[in-house]
Amino acid sequence: MNEVFNPRVFQLGYVALGVRDLRRSEAHYCEVMGLTEAARDKSSVYLSVGAEHHNLVLREADDKAFLHLGYQLKPETDIGGFIRDLEDFGLSAERKTDSQPGIPELVEVVAPGGNVFQFYADIGVGPGFRRIGIAPMRLGHVAVITPEAGKLRAFYEEFLGFHYADDIGGVATFMTCNRDHHVVNLVGLPEARVHHIAFELSDNADHPKACDTLAAANLSTLWGPARHYAGHNLAGYHYDPDRVMVELYTQMDVYLPATGTFEPRPWHRQNPLRPQSWRPEQMTNWETSFGFDLVRA
Ligand SMILES: [Fe+2]
């Protein structure tokens, strides 16, 4: 029998980035990516993919920055108990009311490596899906580079209840809190930044359309679309205006907590497929080579 899988959160809700030119970044994410402005305050703009109030927060900053992640707690979460559990785990938490549009209450925590988390149970309804630009279906995961990968992984696994899904060469560790192969990818390197943010497209046919949309905006597709080994997602990558990498993906492996395996797919080379360590050179299941170095990007 598989070990207990009972994470405290069920999805990544939003990513907050410091951007050098708010108007430029807003134009990219609204006009090219097809997100919608849901709200703004004096320094930030809150953008939605569609269903939830916001999935991306852009804040004007002197330099590009990885500000924080928002994770949605299970609806029945006792916030007071959650804060006490955080303190028992050795982390101090701050309870904030009406600190940002769309979220009446959240708990902010500074986790290992200076990673700031915001946890909330409720978020407002979004403005609906767009029909222009790339128009992804949802925010799916984030890849974070941190010199404190071991401690941060312990927070994810031991406190939040994430499950190990795969790793690449022991450097990149994929973990999940739902049925997606990964909701976070922790990369252990001596720097602290976001490696990429990933949006799920609604259909494989959206990949070439997205590449055409990027090309029309004079943006290169840097890597892919191609199928990864870890997660088997069909993934293509481009840079946003601050050279933060954005992944567009479909067909990510589906995790089955009951068996600790992934739902079988025709393109898997193992059956059953279980979490494992892939070699660093195993980047694309098609063994395609790309000039762009996705690992160092
Ligand atoms: Fe990714």
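The values are calculated or read from the model by the stated rules, or taken from the named source; none is laboratory data. Given the structure is predicted, the values throughout are model-derived calculations rather than measurements. Please note: Cβ atoms are built from the backbone with ideal geometry, for glycine as well, and neighbour counts cover all protein chains shown.
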Does region 220-240 contain at least one residue that is of a type in the set (Lys, Arg) and within 15 Å of the ligand (Cβ to nearest atom)? yes
Filtering region 154-169 down to residues that are surrounded by fewer than 20 Cβ atoms within 10 Å (Cβ to Cβ) and touching a helix residue (DSSP H, G or I) at 6+ places or on another chain (Cβ under 9 Å), which residue is nearest to Arg40 (Cα to Cα)? Phe159
Out of region 190-214, which residues are within 16 Å of the ligand (Cβ to nearest atom) and in a loop (DSSP other than H, G, I, E, B)? Leu201
Exactly one of Asp98, Asp122 is of a type in the set (Asp, Glu) and loosely packed, with under 13 Cβ neighbours inside 10 Å, and that residue is Asp98
Scanning region 103-146 for residues that are aromatic (Phe, Trp, Tyr) and assigned to a strand (DSSP E or B), which turns out nearest to the ligand (Cβ to nearest atom)? Phe117
Please identify the pairs in which a residue from region 134-156 that is within 20 Å of Ala230 (Cα to Cα) and free of Cβ contacts under 8 Å to residues at least 60 places away in the same chain has its Cβ atom under 9 Å from the Cβ atom of a residue that is part of a helix (DSSP H, G or I) and within 14 Å of the ligand (Cβ to nearest atom), counting only partners at least 6 apart or on another chain. none
Conditions first: (1) away from the ligand (no atom under 16 Å from the Cβ); (2) touching a strand residue (DSSP E or B) at 6+ places or on another chain (Cβ under 8 Å); (3) under 26 Å from Leu58 (Cα atoms). Glu157 passes all but one, so which condition is the exception? (3)
Is it fair to say Met252 is free of Cβ contacts under 8 Å to residues at least 60 places away in the same chain and either assigned by TED's automatic domain parsing to the domain that holds Ala65 or not hydroxyl-bearing (Ser, Thr, Tyr) (or both)? no
Step by step: first the residues of region 163-187, then only those that are among the small types (Gly, Ala, Ser) and within 16 Å of the ligand (Cβ to nearest atom), then the one that is farthest from Ala143 (Cα to Cα). Which residue is that? Gly169
Hits in region 205-221 - residues which are hydrophobic (A, V, I, L, M, F, W, C) and in contact (Cβ under 8 Å) with a residue 60 or more places away in the chain: Ala210, Leu214, Ala217, Leu219
